[in-house]
Amino acid sequence: MGKRKYISTPEVMWELYLKYEEDTKNRPFLQHDFVGKDAMDVRREKERCLTLEGFYEFVADQDEINTTYPDLSDYFENKDNRYSDYVRICSRVRRRIRRDQIEGGMAGIYNPSITQRLNGLVDKTEQKQIVEQPMFDDEES
């Protein structure tokens, strides 16, 4: 008999993820800004990006006493094959987060450069440098 799983079923994990997604999207960042010729003081709402780390922390915060911090990386890495039932849900969570980051970056909601790097989408180009040595004729020197 192994250690008790903090998240009892894959369905519970999916419900936690949906709560995380809703909570994150309903709590935009407030960016302090000054607009117009009179530099009017305003707060602009900026959408929060979904992250796997954010999901980990959200789940940890669900524990009201904060004594049994669940290490969700065990679930996502299927540590010791103890979390095989969670593989499909973990893959789906990763895809949803990645989609949010990519689409948000493409739409300019999030910094495109950062979302590209986070998701391994950086454009790679190969550059070759050819150095030619000048040819000297020994007879002319």
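Tabulated data for the structure shown
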| quantity | calculated |
| --- | --- |
| Close pairs from the stretch 95-112: first more than 10 Å from C49 (Cβ to Cβ), partner part of a helix (DSSP H, G or I) and small (G, A, S), Cβ under 7 Å, at least 6 apart | P112/G105 |
| Residue pairs meeting the criteria (Cβ under 9 Å; at least 6 apart or on separate chains; first closer than 18 Å to D61 by Cβ, in the stretch 15-40; second of a type in the set (V, I, T) and outside any helix (DSSP H, G or I)) | L16/I7; T24/T51 |
| Condition broken by V87, with the remaining ones in (1) within 24 Å of M13 (Cα to Cα); (2) surrounded by 10 or more Cβ atoms within 10 Å (Cβ to Cβ); (3) at pLDDT below 90 satisfied | (3) |
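The values are calculated or read from the model by the stated rules, or taken from the named source; none is laboratory data. As the structure is a computational prediction, the values presented were derived from the model and not from experiment. Counting neighbours? That spans all protein chains shown, and the Cβs are built from the backbone with ideal geometry, glycine included.
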